[in-house]
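Reading through the structure tokens given below for one structure.
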Amino acid sequence: MNTTASFLSPRRPLSPTGRLYVVALYLAVGLSLGGCVAAGVLASGVAKEKVKARYRLPDQKTLVLVDDPKKLLGDPSAPAAAANRVAFDLIEKETLLAERFVAQEKLTAMIADLGPAYARMPIDQVGKKLDAATVIYVYIDSVQMQSEPGIYRPTAQARVKVIDTATGKRLFPAPGSTPTNTSGNTPASPPPPTPPADLPESAKINQQALLDPMLTEKGWPINATVSPQTQRPGVQGQVTTLTRNLADRIGVEVARLFMDYYKDKANQ
């Protein structure tokens, strides 16, 4: 299947607004990738094994909220890039129509308008304010760019939840379920402790999960990795490019929770 053609010309009809959003999203994702990664987006691989979606998203207005409160990605544009990739893949796979997604520009504008108050908003309220019925919430747990001298090995771990804005309840993972990581292993870390009621605002660092009604379960873990590169001293932009590639990969792994896909040698 030609990925470019199927993305820009989906089998389900788009409204004029939807077409504009799809084109803008395609450009945003395409321009944020390095050559090899962009080629991977546009090329089709040989299917090996079909992997079923872990959860089917409701067909309603959806906000993808990638939260990096500790600035672990090191690039303020990286969360939006990851969120755009989530939408890109879900539209391309016809999981949701383009019109169902809240544009990241609206979220960015809202955060700027609210200022410090945004850090204290529950996830469902963020979605409601942007007229979203569902929020795909992605919390960046950890990021590592370099594991040994001279070699970049970008990796990231994140936790994913789907929140219903009408009730504030979590739709995914199901309450009481034990999430597993992308390799099928159960995480060894225990549930996080309930934070004390007098936790100062400065310590929250925009951790919206603190306001989540299901506090004891952090969400479904995903792992994202980018192919290693040799460090090239004096080459400007290498880290920036790798960070953008990592943000893109985070988006790929998040989207795969909500769609069927095929494993191949390039995307184990």
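The values are calculated or read from the model by the stated rules, or taken from the named source; none is laboratory data. Quantities reported herein were computed from a predicted structural model and do not represent experimental measurements. As a convention, Cβ positions derive from the backbone with ideal geometry for all residues, glycine included, and neighbour counts pool all protein chains shown.
Table: residues versus (1) β-branched (Val, Ile, Thr); (2) modelled with pLDDT under 95.
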| position | (1), (2) |
| --- | --- |
| Ser147 | no, yes |
| Ile151 | yes, yes |
| Gln157 | no, no |
| Val162 | yes, no |
| Ala166 | no, no |
| Lys169 | no, yes |
| Pro175 | no, yes |
| Ala188 | no, yes |
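Of all the numbered requirements in (1) farther than 19 Å from Asp248 by Cβ; (2) outside any helix (DSSP H, G or I); (3) modelled with pLDDT under 55; (4) not acidic (Asp, Glu), Leu33 misses one, and that requirement is (1).
Out of Ser142, Ser147, one residue alone is without any contact (Cβ under 8 Å) to a residue 40 or more places away in the chain, hydroxyl-bearing (Ser, Thr, Tyr) and exposed (fewer than 14 other Cβ atoms within 10 Å of the Cβ). It is Ser147. Among the residues of the range 90-127, those that are touching a strand residue (DSSP E or B) at 6+ places or on another chain (Cβ under 9 Å) and either part of a strand (DSSP E or B) or free of Cβ contacts under 8 Å to residues at least 40 places away in the same chain (or both) comprise Leu96, Phe101, Lys106. Just one of Thr230, Thr216, Thr225 is among the polar types (S, T, N, Q) and modelled with pLDDT of 95 or more; which is it? Going through Thr230, Thr216, Thr225 in turn, the sole match is Thr225.
The set of residues from the range 104-125 being buried (at least 17 other Cβ atoms within 10 Å of the Cβ) and under 16 Å from the mean Cα position of the chain (by Cα) comprises Gln104, Leu107, Ile123. Just checking, how many residues over the range 247-266 are in contact with a Phe, Trp or Tyr (Cβ under 8 Å, 6 or more places away or on another chain) and modelled with pLDDT under 95? Total satisfying the criteria: 0.
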